[in-house]
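The values are calculated or read from the model by the stated rules, or taken from the named source; none is laboratory data. Computed from a predicted structure; not experimentally measured. Neighbour counts run over all protein chains shown; Cβ positions are idealised from the backbone, glycine included. Surface areas here come from the heavy atoms of the whole protein model, side chains and all, with no ligands, DNA or RNA. Shrake-Rupley method; radii C 1.70, N 1.55, O 1.52, S 1.80 Å.
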Amino acid sequence: GNSVTQMEGPVTLSEEAFLTINCTYTATGYPSLFWYVQYPGEGLQLLLKATKADDKGSNKGFEATYRKETTSFHLEKGSVQVSDSAVYFCALSGKGGSASKIIFGSGTRLSIRP
Amino acid sequence: ETGVTQTPRHLVMGMTNKKSLKCEQHLGHNAMYWYKQSAKKPLELMFVYSLEERVENNSVPSRFSPECPNSSHLFLHLHTLQPEDSALYLCASSLSLTSSYNEQFFGPGTRLTVL
């Protein structure tokens, strides 16, 4: 079945550091891929998405590229801020019917030091 | 109001109480979901509703009883809970289960504590 594996946290970085959070997936067909973010005390928010191979999703300085050959969707940001401290979830969704429910990774907690 | 709202935001209950969590979406979506988020555990999908019909029940104990009276409202009725049921309960909605990609929109959650 479909699954998502992301790097375990916590990840602690200094402000303005480069961020990578790795995510790989297993799926049949061509899933859509997502990164969600959960700020303290809140629900999950969609950060970015990509629906087909080689698509690049981007938002708020974050980017992730859908790599079919390596089944990966790594999240990157060139210069993190304290306000980026949150839990990040990689997720995938199949196409149509019950296959379209979202499978979430276990989440990676990111803490940014001033 | 816009998006997905949940009430109450915080709930403390005893093991013999009966309470209900409410979720409302203002997005015109046809699918709604309940998730449980416990500390140090992955998100657990509990229930899925599509057009007010339950399409998935992931081996959830019967002390959790969902209700979806219409496509905009979703409830989770709670009775005789256990302390290990303490968690953040998240509601989400999506356009449908059959859209080409199934982006979900989440509410802020209800933080439940069972004493």
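A:A86 satisfies every condition listed in (1) in contact (Cβ under 8 Å) with a residue 40 or more places away in the chain; (2) away from chain B (no Cβ under 14 Å); (3) within 20 Å of A:G9 (Cβ to Cβ) except (2). If only residues of the range A:36-83 that are within 11 Å of the chain's Cα centre (by Cα) and aliphatic (A, V, I, L, M) are counted, the one that is farthest from A:V11 (Cα to Cα) is A:A50. Any idea which residue in the range B:67-115 is nearest to B:G3 (Cα to Cα), counting only those that are of a type in the set (D, E) and either within 14 Å of chain A (Cβ to nearest Cβ) or open to solvent by 30 Å² or more (accessible area, probe 1.4 Å) (or both)? Among them, the one singled out is B:E103. Each residue in the range B:37-60 was checked for being within 12 Å of another protein chain (Cβ to nearest Cβ) and open to solvent by 70 Å² or more (accessible area, probe 1.4 Å), and 4 of them qualify. Here A:A53 meets each of (1) in contact with a His (Cβ under 7 Å, 6 or more places away or on another chain); (2) in a loop (DSSP other than H, G, I, E, B); (3) small (G, A, S) with one exception, condition (1). You will find that of A:L33, A:L47, A:L110, A:L13, the residue that is surrounded by fewer than 18 Cβ atoms within 10 Å (Cβ to Cβ) and in a strand (DSSP E or B) is A:L13 and no other. For the range A:56-82, the tally of residues that are open to solvent by less than 40 Å² (accessible area, probe 1.4 Å) and within 14 Å of chain B (Cβ to nearest Cβ) stands at 3. Looking only at residues of the range B:1-36 that are open to solvent by 80 Å² or more (accessible area, probe 1.4 Å) and assigned to a strand (DSSP E or B), we find that the one that is farthest from B:P108 (Cα to Cα) is B:K18. One residue is enough: does the range A:94-105 have a residue meeting the conditions in contact (Cβ under 8 Å) with a residue 24 or more places away in the chain, polar (S, T, N, Q) and open to solvent by 20 Å² or more (accessible area, probe 1.4 Å)? Within the range A:94-105 (the criterion being in contact (Cβ under 8 Å) with a residue 24 or more places away in the chain, polar (S, T, N, Q) and open to solvent by 20 Å² or more (accessible area, probe 1.4 Å)), the answer is no, since none of the residues qualifies. Close Cβ contacts (under 7 Å, 6 or more residues apart or on different chains) running from residues in the range A:40-66 that are within 19 Å of B:G3 (Cα to Cα) to residues that are among the small types (G, A, S) comprise A:G43/B:G107; A:G43/B:G109; A:L48/A:G57; A:L48/A:S58; A:L48/A:A64; A:K49/A:S32; A:K49/A:G57. Of the listed requirements (1) within 11 Å of another protein chain (Cβ to nearest Cβ); (2) within 25 Å of B:Q37 (Cα to Cα); (3) open to solvent by 40 Å² or more (accessible area, probe 1.4 Å), A:P40 misses just one: (1).
Figure legend. Inter-residue proximity from the range B:46-71: first residues without any contact (Cβ under 8 Å) to a residue 40 or more places away in the chain, second residues of a type in the set (V, I, T) and open to solvent by 50 Å² or more (accessible area, probe 1.4 Å), beta-carbon distance below 7 Å, spacing 6+ or different chains. Indicated pairs: B:Y49/B:V55; B:R63/B:T80.
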